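The values are calculated or read from the model by the stated rules, or taken from the named source; none is laboratory data. What you are looking at is a predicted structure, and each value in this text was computed from that prediction instead of being measured. For neighbour counting, all protein chains shown are included, and Cβ atoms are generated from backbone atoms with ideal geometry for every residue, glycine included. Side chains included, ligands, DNA and RNA excluded: accessible areas come from the protein's heavy atoms. Shrake-Rupley method; radii C 1.70, N 1.55, O 1.52, S 1.80 Å.
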Amino acid sequence: MNRPPEEFIRVDEERLLNFSTACFEKAGITHEHATLISRLLVNSDLRGVRSHGTRTLSGYCGGFENGSLNPNPNIRVIHETPTAVVLNGDGTLGYLPMVRATEHAIAKAKEVGIGMGLVRYIGHYGSAGHYARLCNEAGCIGFSVQGYQNHGNASGQDPKPQLGYYGNPPICFAIPSGDEPPVVLDAATCIMADYQRGPEFDELLSIIPAAFFKSIGYTAVACLLGGALTGFTEPAPEDTAKWSGAHRHGGMVLAIDIESILPPDIFHAEVDRLVRDVRETYEPLPGTDQALLPGAIEVERTELHRQKGIRYGEMEQSSARAASERLGVPLPWDE
């Protein structure tokens, strides 16, 4: 899904930011809120994470337009300790509440070495990497996951769905570096992508069962840390529960301040050493020409897209056209 599109047009980063922001404002949210979501979506496009970029714009705007998402949330602290804070996201998309939670987590990490931000009653929060990378920018190691209510309940489906494909919540570990690209595992927990279904993939369940057991476990852990730990099973307040599209999700972000443990230069040097040694002493995976750790390819794609424009495939273009026609915002490219 996140392979570069075979056919595409190139879209300038700033024009895409302005387009996305204008669409969100037309859908009813504030300029600040629109700017924040747009920045994160375009960041995903820059990194080549097409599934979580501005392809989602039309659907997100539709949620604000039809009243399933809260366009003017009252994001508030509902519990706090020296190391953790829990926010009520008040039925809006997860982006703004999770950024606020990340800011709290970083501030606490700078005070006591570790900080955790949790949010309940939100909608989709996009790529977990948004929040883990914010931790990196502040000199912290970052970790983030999202969960949703009743995850793991197959609801009486007949036949029962295959456990090996159980759930696929977002998860990210982000570890800052010095001169080399940071190590950022920005992924989802299932070993198979959502579109990888069918007999040829079912055979793998018996061939490599250990891989599926691992992804089943990762999924359960992500669901519980990004969901149950937030307290989102507590009944939502009446003013929050009315937002049908965004009161069943939760999100968590953890920040670890490196400087509270050892001088950052020492840690960064070892991260750089690992990244460099893997690149220089290992054979690349089949079909690739470089031996890279997670995070490096995103750095390369960001540089490329900033220089030449974001590669915008047909799925991205279709979403942009739908939003443009419905909201009356000119497209960010010349047709």
The answer for Leu87, listing residues at least 5 apart or on another chain whose modeled amide H is closer than 5 Å to its amide H, is Ile78, Leu118, Val119, Arg120
In vacuo Debye sum over C-alpha of the range 154-291, base-10 log of normalised intensity I(q)/I(0) at q = 0.16 Å⁻¹, listed in q order, is -1.10
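Taking the Cβ of Ser318 as the centre, find all other residues whose Cβ is under 12 Å away and add up their charges (Lys, Arg: +1; Asp, Glu: -1).
Counting the neighbours of Ser318, the net charge comes to -1.
Over the chain, what percent of the accessible surface lies on carbon and sulfur atoms, probe 1.4 Å?
C and S atoms contribute 55 percent here.
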Averaging 1/r across every pair of distinct alpha carbons in the range 259-333 and inverting yields a Kirkwood hydrodynamic radius, in angstrom, of 16.3 Å
Excluding residues fewer than 8 positions from Lys214 in its own chain, the lysines with Cα under 21 Å of it are Lys160
In nanometres, the difference between 0.36 nm per residue of separation and the alpha-carbon distance of Asn2 and Glu65 is 19.9 nm
With the 8 Å Cα cutoff and a minimum separation of six or more residues, the range 191-334 has a relative contact order in percent of 10 percent
Whole-Hz Karplus couplings 3J(HN,Hα) for the range 39-55, θ = phi - 60° and coefficients 6.51, -1.76, 1.60, Gly and Pro as x, run 4, 5, 5, 5, 4, 4, 4, 4, 6, x, 8, 5, 4, 10, x, 6, 4
Between the alpha carbon centres of the range 196-249 and the range 265-284 the gap in Å comes to 33 Å
Under the Karplus relation with 6.51, -1.76 and 1.60 and θ = phi - 60°, whole-Hz ³J(HN,Hα) for the range 101-110, x at Gly and Pro, equal 5, 5, 4, 5, 4, 5, 4, 5, 4, 5
By the C-alpha gyration tensor axes a ≥ b ≥ c (rounded if a/c is under 1.5, else prolate when a/b exceeds b/c, else oblate), the shape of the range 116-194 is oblate
Regression test value, accessible area per residue of the chain, probe 1.4 Å, units Å², expected 48 Å²
Ranking Ile261, Ile171 from most to least accessible area with a 1.4 Å probe gives Ile261, Ile171
A correct Stokes-Einstein calculation for the chain, using the alpha-carbon Kirkwood radius, 37 °C and 0.692 mPa s, returns a whole-number D in µm² s⁻¹ of 157 µm²/s
Counting Lys and Arg as +1 and Asp and Glu as -1 over every other residue whose Cβ sits under 13 Å from the Cβ of Tyr121, the net charge comes to 0
Looks like the range 8-118, by Cα gyration tensor root eigenvalues a ≥ b ≥ c and the a/c under 1.5 rounded cutoff (else prolate when a/b is bigger than b/c, oblate otherwise), is oblate
Scalar couplings 3J(HN,Hα) for the range 128-140 by Karplus 6.51 cos²θ - 1.76 cosθ + 1.60 (θ = phi - 60°), nearest whole Hz, x for Gly and Pro, are 4, x, 4, 7, 5, 5, 4, 4, 4, 4, 9, x, 10
Here the residues of the range 74-118 lying in the modelled label zone of His31, meaning backbone nitrogen under 13 Å from a point 7 Å along Cα-to-Cβ, are none
